[in-house]
Structures are given as structure tokens and as C-alpha cells.
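Read-outs: derived from the displayed coordinates by stated rules, not from any lab. Given the structure is predicted, the values throughout are model-derived calculations rather than measurements.
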């Protein structure tokens, strides 16, 4: 970190001793998993810097934004319309949920058999380790799964900041109407807390900013299809994870700079692994930062991860919002219809996910798919079986969490799967 | 010069040397608390041309030098195909893992299942149950199958042990308990077999394949014959040795 942020952390109310411990574990993990990689693009330096300042410079930026009366909106799901947050000059941040932190604390409020992502966001807050959650003015939840929606009730009692959007479970006309109304209600809420009205101009600018970010991520995704891929799966995953909390304009610029370099690598035939290395597409539950476990196992077993059919991944940037609207109301409609296309496993039926997975598999020229479900993430765990019967490419299902206790067995299974691809 | 396959399992380290496809020598030692040291001793005593490591501890040697590795799934596939060319399905029950592997015509791995994390229903489980009932591991696997309705409901090593202890306290015959334990493991193996493959020939390997009672119960339940090769416990090491010769022997 470039300077001592202790006074800031103290002011925010973090548990300083525990927080130092967390940062040192994170920094060791980052060194072992990320900085030890070979042939990394120069453009990753920016993202390394962002990670090294994840609880430093970025927190200071948010702190400054707050002083300027901008609202910090925390989220947990790709269903939360980022455009609206930017349109009231708010700051959009995805909250920490990707490490086994504070689980003992979390288990005082939720059962042990709760998915790791839920236990993590509760644990981070309860142990006073997440500066983002402390800085938020509003935390937006959503009714995607039973675990999350019930946990949000408890989280509201703890934080007093929850706002929950209802995500329908089907995509019929009446569900679309419900969702459209939810988006309008969210707009009203944002206008109320920020004291700013969304105008056609501010909505257009916000939509363009978010679309530009999605386009940059799409560009990165396409580059991973080359053999050899110019970037590792771990690095691409990191960029996707950072997309949830970095300043969107700066982030987009940096991703595009990275992609310029990657295109140059492709022209030179330069990759992070030898040509012909088996390419794995990962599909399933989200990879909240700093969950790098599966990618690290895959990439240390002689394969390369070339895509994530996941909310931290393709599901986050696949669709753009139609920018051709001429009123705020029309803009809201376009936004609502963009978000309802997301093929989250919480929907029934959700057949478009299988089609999307198949086309992504072909687009990325992958050799096999590893379906990853977080344990107790029932919607994805069940869809994993359904997909298995409907695809003809090499496919393996795994269920895991953030712990290291299954590392040995997981590594054997992943390696054996990769052996079958060679 | 010979080629060595070394299978560093959770309970035993197995090593097999081959030359032109013929088995020369074999070694089986307990894994102990220092498997790297044990493995290096084996390597030194064999002094092979090339070695391939497999098993749970396969990466120990790859960190230490240039020993290439294959997973035990691939190693068992190669070993089983070598001993029983018509093999299509492998049951491997080792110290802490149960694996079911299905092979294609050429002997490549087609599909596999493996237990996720705990040692439920594996070799370690059998060891603990045998000891709770006062049997040696050899006696345990040679108990005669008996008719009985007694069921062990838990596959968790810890819970099953307390279940067994409570049955002993109730005065249930230990032989009856032993058979029930084997039936419970067989049930679990069969449910994995049904997910992967029941295609013959079915080969049973790994340390637990020496358990005749378990083999008999599985055979009876699936109504198919199971082959237990004489070298069932060194099948992984043999597969690794064959891989070493095929890969580096040319």
C-alpha cells in the first residue's frame, strides 16, 4: 500500500488488529497465486495495484465521494441496475463475499449449512473487516435465492441499510411487469436518498458508461478464445472481479489498454501457456473476490481457464442496455428489459442458460466445461445435473466452498478431468 | 533399465518397476508421517530410468525434482487395462477415497466419480470399524456373508463408530454388525457404480479389493461378476510404471 490508512480504517470503524491479519493473509495469497504466474501481461500491473489498494486508495476515494454527498450503494448481485446508481451520481460497489472470514460470527445468525457466499458477507460485516460495507449508504439485496433473501432480513437488523428488490422467478408477462415496477421503485429510492432527480441526460450518460464497461469486458472475453490464450484465467477472473468495485470509467480505460496489449500478443502468437493447452470453461455459481480457488487448481494442473459462465463473468457483461431511448421512462423500460435477460439459475424454466453455455463453449473454443456450484447453492447444484444430460462436450460437476479441506480431492478430480481432454 | 511407478497413497506407498511391460519388482510400505523420505528411499533403491508418480501424494516428488505425475484415476485405468484388457469399469477403494472409473474401448477414462471430501466408506473406515469390533483387517474381510436385517445407517466414520459401539452395548453379535458395515459400504459403491457404469468387465482394485466379503456383497447386489486381480493393491503403481515406459521408453 502506498501509505498508512490506519486513521481512515479507525474512523470507518474496522477492527484494526483483525483487519491487519486479513490484509497480510490476502497479500500472501495474492503473491502465491497471482504474482507467481509466468508471462503475465504488463497491463495487469494496474489490477495488481488495485488489489494492493483494495482497502486503501479505493476506500479513500469512496470516503472523498461521500464527503461530496455522493451516495455509496453496495450490491451482491448482477441484477442491481448499475445505470440508475450512476445516474444519481452514486458509487456502485459489489461487497466482499469471497473468503472464509468471520464464519463463526456468521454462524450465530445463520445455519452452518448455508452457502459460503452468504456466510462470507455476513462474516465480513460482523467481524468488522469490510470497509466497503461500512461506507455504504444503502445495501441492495435481491430475492434470487432462499438463502440470500432470508439472510438479508438478518443483515438489515445488523446494518439498518438493506433495500431488497424482488426478482421474479419466471419470465412471463406479469413477471416482467413486476420487475419493471421494481426498477421504477429502485429509481425512486435512489432519487430520494441522493436528493437528485434522474434526467434523460444523466441516464443516457450512465447507460453509456456501463455499456462501455461491458464492451471492454466482452472484448477481453473474446481474446481468451485464442490458442494460446494471451491471458491466464486467473488474471481475467481478477479483472472481472474488480469490475464490481472500481471506478467504471477508469476501469474501462484500463481494460481496453490491457486488451490492446493482448491483441498485440495474439498477433505475435504469444500466450501465457503453450499452444494446445487444454482450455476449460467454468460454469455456475459466482466467484466473489477473493475466491480464486478453482481457477488456481485448474491452472496449476496443466490447463487454462478461458471463460466464466457466471455472474462474475459472462452473465455480467453479455447483454448491453439499448441506448436508443428518448425519455427517462423509456430508459427505465430498456434497463428493465436488459436485466431480465440474465439467465440466473433462480429462474424457472431457465433453458436459455444451456443455450448460452453451448454458444459460449463454441465461441471460446473450449475443450471442456467444469460446472462449479457453491455448496448449498441449490439452484446451480440442480441445474448442473440438468445440463449434464443435455450437452455433448466433456463436462464435470463439482461442488465446493471457500475452505481448503477438499483441496486434495478437488485437485485429483480436476487433473483427472484434464487428462481425459489431452 | 527399468521404469518405476510409485503410488503415494494416504495409507501406503506402493512401487512397481517394469521393463518391456514385465513386472520386475514391487514394494509396499506404510506412508507414515514422512512420505517424501520414504518415497526417496524407494527411488534410490530402484534407481530406475524414469519414474512416474501417482496417488494422493504424487506432487511431493514433483516438487522435489522432475518426476512427472498422473492422477490415480488415469493410473488405475492404465493398470487395469494392462491386466484385464476387456475391463470397462473400475472400482477403486483406497485409504481415503472411493473412485468409480469407466473406460472406453481403448482404455481411456470415459467418466469417473469420486467422493468429495471425507473418508466415509473407505479403507480407513474399514480399519476403524474392524478395530472397534476386535478384528484384524484380514479377518474382517474374510467373514462369511450372513443373512440379516441389521443396518448401519451412517457412513461417517465418527458417527458409524458410535453406532457400532451402541450395537455392541445392546449385545448384538459382532459378526452381524461386521456384515452390516460391509453392506453399508457396498450400497454406497453401488450407487456410485449406477451413476457411472455397470459395464463388464468390472475390476475391483485398491487396498480394499482384498476384502472378499465386500466383493461378494457387491457381486450379489449387482448380479454381475467382479474381477479382483492378484495385484489389485499395486494397480496404480503398475499403471504409473507402464505410463513411464510408454511415455519415456521410446
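Structure summary
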{"item": "Estimated [θ] at 222 nm from DSSP helical runs (n ≥ 4, -39500 (n - 2.57)) normalised by residues in chain A, nearest 500", "result": "-16500 deg cm²/dmol"}
{"item": "Cα-based helix-to-principal-axis angle, B:35-46 vs chain B, degrees rounded to 10", "result": "50"}
{"item": "Normalised contact order of the stretch A:128-205, rounded percent, pairs of Cα under 8 Å and 6 or more residues apart", "result": "21"}
{"item": "Mean residue ellipticity (222 nm) of chain B, computed from DSSP H runs ≥ 4 via -39,500 (n - 2.57), nearest 500", "result": "-13500 deg cm²/dmol"}
{"item": "q = 0.05, 0.06, 0.07, 0.11 Å⁻¹, the protein assembly as shown: log10 I(q)/I(0) [Debye, one scatterer per Cα]", "result": "-0.28, -0.40, -0.54, -1.15"}
{"item": "Rounded Å value of the spacing that divides the Cα centres of the stretch A:262-333 and the stretch B:188-210", "result": "38"}
{"item": "Value of relative contact order over chain B, rounded to a whole percent, pairs C-alpha under 8 Å and six or more apart", "result": "26"}
{"item": "Angstrom value of the Kirkwood radius, inverse mean 1/r, which spans all Cα pairs in the stretch A:1-130", "result": "16.5"}
{"item": "Rounded tilt (10° steps) of B:123-132 against the dominant C-alpha axis of chain B", "result": "40"}
{"item": "Contact order relative to length of chain A, as percent, for alpha carbon pairs under 8 angstrom and 6 or more apart", "result": "17"}
{"item": "Separation between Cα centres of the stretch A:57-97 and the stretch A:372-422, rounded to whole Å", "result": "34"}
